[in-house]
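Data block below; observations after.
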2 protein chains.
Amino acid sequence: MSDQQGLFVKMALDAWNSEITATNALLAKLSDEQLMREVTLSRNRGIYLLGHLTSVHDRMLPLLRFEEMRYPELEPIFHDAPDRAVADLPSIAQLREQWKQVNDTLMGHMARLSAAEWFTRHANISEADFPKEPHRNRLNVVLSRTSHLAYHRGQLVLLVSK
Amino acid sequence: MSDQQGLFVKMALDAWNSEITATNALLAKLSDEQLMREVTLSRNRGIYLLGHLTSVHDRMLPLLRFEEMRYPELEPIFHDAPDRAVADLPSIAQLREQWKQVNDTLMGHMARLSAAEWFTRHANISEADFPKEPHRNRLNVVLSRTSHLAYHRGQLVLLVSK
């Protein structure tokens, strides 16, 4: 059983790591000036997407039952509100640093979790309900956030030639 | 073992189905005229992304060892060449129909595959090499194509207000 579990976990974490690596390579290529632009006319700016992804990944820390959020102050700006609703944003330099911190912290916890632990519940389902819905486990959070990251990376890449 | 395998298969197929459903809802909302527009200045048009996704999913049929490609003629236009390199494209009506056919065909095969079969090799790795790289299985193709779809859906959604 644990070999098989280990294989699933490797597949899911490989997909996550590959999205993170691709996003980091993209962010390294984008200047702060490019990140201040909209991905297309009247849509989200790069800075908003960077803050949004940082906040969503930060929220994964408690969701995966690792630790408290590092930067809860980002959530009202980059998750609960749309772009431009909040005038005073953190600097891009700060967001780049927080993005790195959050992902490094996640990665550290992820690497230490055993295969069996990945198949235990995430924080949004109770111990009582989990046996009825065993797919609502920690590894499933990684699968869904991998798609979420890919979705927004597909938008951020449009800033490359802007 | 097979319960655990079944759980992981369900997680991966749920993620795939959820991306397909979201993409279908988006395509239903986009007019043919919108699909002729660029997602942003000088980038891919909606029609190209629709053809690209159809061709990539069509290629999954042999890659998952289900059957031959249905529409191999799409590949040189929408995979091997960039947008605008080929002047004469299929109509959007035809691409919408092929997109549906390809995904319905995939879904039929996917639903019939047992959990254990999902963990057998995909077509791009030989039987000899597979034991050394057991993560190169059919289910991993689904994980990577789910991210690929999310990436391009994040771009197609930009056409909504255009």
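Computed values, structure above
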quantity	calculated
Top-ranked residue of region B:131-162 - restricted to ones that are of a type in the set (S, T, N, Q) and either touching a Phe, Trp or Tyr at 6+ places or on another chain (Cβ under 6 Å) or over 19 Å from B:Leu61 (Cα atoms) (or both), ranked as modelled with the lowest pLDDT	B:Ser161
Elements of type helices (runs of 4 or more DSSP H) contained in region A:12-127, each with 3 or more residues being farther than 19 Å from A:Arg153 by Cβ and away from chain B (no Cβ under 14 Å)	A:46-63, A:92-112
Flag if A:Ala85 is in contact (Cβ under 8 Å) with a residue 24 or more places away in the chain, among the small types (Gly, Ala, Ser) and surrounded by fewer than 12 Cβ atoms within 10 Å (Cβ to Cβ)	no
Single residue of region A:87-104 satisfying the filter (modelled with pLDDT of 95 or more, out of contact with any Lys or Arg (no Cβ under 8 Å at 6 or more places or on another chain) and of a type in the set (A, V, I, L, M)) that is farthest from A:Ala150 (Cα to Cα)	A:Leu89
Single residue of region A:90-99 satisfying the filter (in contact (Cβ under 8 Å) with a residue 60 or more places away in the chain and under 20 Å from A:Thr21 (Cβ atoms)) that is surrounded by the most Cβ atoms within 10 Å (Cβ to Cβ)	A:Trp99
Search result, residues across region B:120-145 that are touching a residue at least 60 places away in the same chain (Cβ under 8 Å) and touching a Leu at 6+ places or on another chain (Cβ under 8 Å)	B:Ala123, B:Asn124, B:Arg138, B:Val141, B:Val142, B:Leu143
Residue check, B:Phe8 surrounded by 19 or more Cβ atoms within 10 Å (Cβ to Cβ), part of a helix (DSSP H, G or I), of a type in the set (Phe, Trp, Tyr) and within 14 Å of chain A (Cβ to nearest Cβ)	yes
Top-ranked residue in region B:36-72 [being surrounded by fewer than 22 Cβ atoms within 10 Å (Cβ to Cβ), more than 17 Å from the chain's Cα centre (by Cα) and aliphatic (A, V, I, L, M); ranked as farthest from B:Leu139 (Cα to Cα)]	B:Leu41
Complete set of residues in region B:53-71 that are touching a Lys or Arg at 6+ places or on another chain (Cβ under 9 Å) and either free of Cβ contacts under 8 Å to residues at least 24 places away in the same chain or basic (Lys, Arg) (or both)	B:Arg65, B:Met69
Residue in region B:128-147 that is away from chain A (no Cβ under 14 Å) and either in contact with a Cys (Cβ under 9 Å, 6 or more places away or on another chain) or part of a loop (DSSP other than H, G, I, E, B) (or both) present	yes
Single condition A:Gly154 does not satisfy, out of (1) surrounded by fewer than 21 Cβ atoms within 10 Å (Cβ to Cβ); (2) within 11 Å of chain B (Cβ to nearest Cβ)	(1)
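For (1) among the basic types (Lys, Arg); (2) under 20 Å from B:Tyr151 (Cα atoms), each residue gets a yes or a no:
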| position | (1), (2) |
| --- | --- |
| A:Glu67 | no, no |
| A:Pro76 | no, no |
| A:Arg112 | yes, no |
| A:Val141 | no, yes |
| A:Leu156 | no, yes |
| A:Lys162 | yes, yes |
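The values are calculated or read from the model by the stated rules, or taken from the named source; none is laboratory data. Computed from a predicted model, the values in this text were never measured in an experiment. Cβ: placed from backbone, ideal geometry, glycine included. Neighbour counts: every protein chain shown.
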